[in-house]
Amino acid sequence: MEAGGSLFEQLGINWKLFLSQAVNFFILFIILRAFVYKPLLAVIKKRKEKIQEGLTKAREADIRLKEIDVIAKDHLKKADQESIAVIKNAEDRAKKLEESLVKKAEEKQKQLLAQAQIQYEKQQEESRKEVLAQAASLVKRLIVKTVELKPEAVDEALIEKAVNFVKHET
Amino acid sequence: MEEISLKAQELFNIGSFGVTNSLLHALIVSLTLMILAILFSGKIRIVPGNVQSAIEMGAEWLLELMESMLGSMKKAEQYFPLVATIFVFIAFSNLSGILPGVGSLFIKHGHQEISLFRSPAADLNFTLAFAVISVMVTNIIGMMAVGVFPHIGKFLNFKSPIMFFIGLLEFVSELAKIISLSFRLFGNVFAGEVLLTIIFFLTPYIIPLPFLFLEIFVGLIQAFVFAMLTLVSISLHTAVHEH
């Protein structure tokens, strides 16, 4: 024991100093734990949770965005198909309308032509009648003129005059 | 040349209690760390500043290392304060021993001049206290993790003579841990102090610089080794063995 005691003494080991150092360490441990480690670990944990939350939300948003993209594409496809159908329908209708209009126009044309023919024939008839009436009147006036003349006065000049008159009247 | 002493020198007495230069140094270091801790606690924010970022980076690095050794982040967070305090205190004590003025301030004590400060780890009381704390706390942690009797059963096993002998070896290894931990740290730091004293005595300018850097490196490495050995001990004591 004596040899051990002297060894401790030679190495400077003293139980009071040993205890002081141990107490010093424990006090520092308690202070650091309370003021540094606990709040620091809490902040790190909180930040990690926030980052995780943000990542989860971002992932969810990404999935939602993809879903929306698919929906939008579907809508666009549907709208495209609908617009093609509408255009085709409009074209069909336009074609039908065009055909009916052409048909109507042709009918109208025929009608107008028939009317014009009738009108023409009517006018021709009227003209003919008028020509005949005028011819009769002319003949009548010619005869009157001829009767009014003296036979001896009937000469070449008078005949020419009468012919010119008829020419002029017709 | 300054007298090289294996023991820390007594500066003054408080009653029958003699305050040594290494104890004074350790108290100053711990007081400084406490003040810094209290000042820092008021500045901890969710969006960190430069200092907080640096501390967080170190803390997270240590946590990841502990997680890889202990197997879970929960365990790592649980034992982080002990391992971190051991590392921080020893590292700051070792580094503060190299600060200018630490080895060159003397006071008169009787008829001899005594250095006012001495690196705490250059005193066996400091390293022994840390080693005893490390071994005791890791055993307590082991008891809390696996149960008191299963833990004691590692040392006192009467199932067979071989198991009893293994238990005895386990007990001896725990005692050896105290000696190896304390003497490794003490040896390295004390040897560094002696080396620096001799180098400064022989060539005061330029030449001591690489040795100063070496001491900074050794101081940090020794703090890390001590903390890691404590961590390994925690890992071994908290592991549940299947029989």
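Observations, loosely collected:
- Helix axis angle, B:208-238 relative to chain B longest principal axis, alpha carbon, degrees: 20 degrees
- Relative contact order (%) - region B:10-238, alpha-carbon pairs under 8 angstrom, separation at least six: 25 percent
- Computed 3J(HN,Hα) for region A:27-43, one whole-Hz value per residue from the Karplus formula 6.51 cos²θ - 1.76 cosθ + 1.60 where θ = phi - 60°, is 4, 4, 4, 5, 5, 5, 4, 6, 9, 10, 4, 4, x, 5, 5, 5, 5, glycine and proline marked x.
- Loop GluC sites (Glu not before Pro), region B:161-243 (other Cβ atoms within 10 Å of the site Cβ: 14 or fewer; DSSP): B:Glu242
- Within a Gaussian network of chain A (alpha carbon springs, distance under 10 Å), most fluctuating of A:Leu76, A:Leu41, A:Leu65: A:Leu41
- Computed E for B:Leu195/A:Glu53 - FRET, C-beta separation, R0 56 angstrom, nearest 0.05: 0.55
- Integer Hz, Karplus 6.51/-1.76/1.60 couplings in order for region B:71-76, x for Gly and Pro: x, 8, 5, 4, 5, 4
- Separation of the B:Ile14 and B:Leu36 label points, Cα + 7 Å toward Cβ, nm: 2.3 nm
- Shown in residue order for region B:80-97 are the 3J(HN,Hα) couplings computed by the Karplus curve 6.51 cos²θ - 1.76 cosθ + 1.60 at θ = phi - 60°: 4, x, 5, 5, 5, 5, 4, 5, 4, 5, 5, 4, 5, 5, 5, 5, 5, x Hz (x for Gly and Pro).
- To the nearest ten degrees, helix A:156-169 and the longest principal axis of the Cα atoms of chain A are 30 degrees apart.
- Restricting the trypsin sites (Lys or Arg not before Pro) of region B:22-103 to loop positions (DSSP other than H, G, I, E, B) with no more than 12 neighbouring Cβ atoms within 10 Å leaves B:Lys43, B:Arg45.
- In this structure the amide hydrogen of B:Thr20, modeled in the peptide plane, comes within under 5 Å of the amide hydrogens of B:Leu11, none closer than 5 places in sequence on its chain.
- Under the simplified labelling scheme, the A:Leu138-A:Phe8 pair shows an inter-label distance of 17.2 nm, with each label point 7 Å from Cα along Cα→Cβ.
Here, each number is a calculation from the coordinates, and none is a lab measurement. It should be emphasised that the depicted structure is a prediction, and the values quoted were computed from it without experimental measurement. Positions of Cβ are generated from backbone atoms using ideal geometry, with glycine treated the same way; all protein chains shown enter the neighbour counts.
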